[in-house]
Each structure stands twice: as structure tokens, then as C-alpha cells.
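Accompanying notes for the structure given below.
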Amino acid sequence: MAAAALRRVGGAGGARRVREPRAPIAPMTGRLQRLLVLAAFGLLTGCGTYGDFGRVRPSLVNDDTHAWMGPAAARGPATNLAWKHQLTDEERTLRDLAYPLIEPPYDRQQWYSVLGELGVGSRPWPYPDRNAYASRLFTTAYRSQTARYNRLIEDIRNDVMRIDPFFSSARYVTEMDRKREKALAYVSNLTAEERDNTLQRIAENRNIVRWVQGSLHERTESYRVALERMVIAAPSPVAVEAERSLTLLQQRITGYGA
């Protein structure tokens, strides 16, 4: 039943209130409903939104949660093509492994984090300011400076652990895309739409890898800025461990030619 509003009719002596029909509220779209539910769940449960290794719990996402990263990385006129190839399992994995490496570390496990997983909301493009990490680290309350150092070390080590799985997936997807592009020449009656969509998907995969490569460099510099500021603000022997972790991260990145 449509909602109704009250209004006063009649003169001053015989005024009475009658109900006036109000236009029904338009139903929310399925996507909007899901976003609101996920945001509410994240707000109520906090870190409960995440499972092992900081990944969103499978019950809150679907296989194509990070599908938005392809068009976002390509950013070209072909992103509006009417038909697209379904993501392969490895392409989904590539996107799932890429997202934690482009998401700012300080946005992880926040009430709004799930919205970011879905590509909703504003974000610095393509990377946050290098000083943003240090600013967030210093403005967040910690019981001690050691705890602040430990947070920096944890964020660096998390990135170190994520690098190998991502580049392993990227190597496989890149090799398959080479074969996919060569196969276009042998497809009978290939339509322009099929060709454009195939090339678009190849470009998306390639640009996601480049996005992560650039992000890794920016993250390394962000960590370095934070460490330098912490050394002069609160000298500690723990800084040596942080420097070692940062050196390891840089070596891993260099090892993949990123």
C-alpha cells in the first residue's frame, strides 16, 4: 500500500485532517541493495568482514567482484562495447590478486572497505599521494611508537607476500593473451565486435599488470617516506627491521622487472 500524508482541509471551525496518497517509493536496484547491506555489515562487524590474509569473506562477494578493474585500467572508448567475453578463471584470479596491491594499506579492513572491493566511491587515480600513508600512520592512535613501527612493518611484509602469487598469475595470463591474439588470424568469419572485444580484454589484462607495477613503486616510496619521518620523530631500534623489510620489498619488485 502506498504511503499517505496528512493534510488539513476545511475552515478554521471545521478543519479536519485527511490522508493524501503519496507516490510510492521506487524500489532500490539489486546492486544498490547489495552495497548498502555490505556497508552496514562492514560497519557492524568491522574486521569480521575479512577472512584469512585480509581477503573479503567469500560469503560477501561473487566471482566477478573485481571485474570493474579491467575497464578502469583500460579507460578507452572500447570499454563501452555492448558485448564482452566472460572472465576466465585466471583473469578473475589476476584481478583478485591485483586489488590488494592497488588498495591503500590504510583502507584495508575498514567499514567501507567492501565498497572499495566493488569499485564504488572515489579513489585517488591512479595512486594515492606518497605522503598519505605517513599522514594516516601518524594521525592514527597507537599505544606506543613501537606499535606504529610494527604496523609499518606488517604492511610492507603483506605486500612482499602478495607479490609472488600476483606475478605468477600475471605471467600465465600474459602468455594466454599472446596465444589469444595470434588465434584471431585463424578464426573463421570473425566479426568486428568479436575482434574488438578480444583486443579490449587483452588491453585490460595488460593494463592491470601495469597498474600494479606502478602501484608497487608508489607504495614503496610511501613506506620510505613514513619510515624517514618516524626515524626523526621517534628513533627506535625497530627502525632497522623496518628498513630490512622495505629493502626486501624493493628486491622482490626489482626481481620481477617491475
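The values are calculated or read from the model by the stated rules, or taken from the named source; none is laboratory data. Treat the numbers as computed from the prediction; the structure is a model and nothing was measured. Note: ideal-geometry Cβ built from the backbone for every residue, glycine included; neighbour counts use all protein chains shown.
Structural remarks
- Filtering segment 86-110 to residues that are at pLDDT below 75 and over 26 Å from Ser168 (Cβ atoms) leaves only Gln110.
- Verdict on Ser215 being surrounded by 14 or more Cβ atoms within 10 Å (Cβ to Cβ), in contact with a Lys or Arg (Cβ under 8 Å, 6 or more places away or on another chain), touching a residue at least 60 places away in the same chain (Cβ under 8 Å) and of a type in the set (Ser, Thr, Tyr): no
- If the condition is being touching a Ser or Thr at 6+ places or on another chain (Cβ under 9 Å) and free of Cβ contacts under 8 Å to residues at least 12 places away in the same chain, then segment 156-186 contributes only Ala183.
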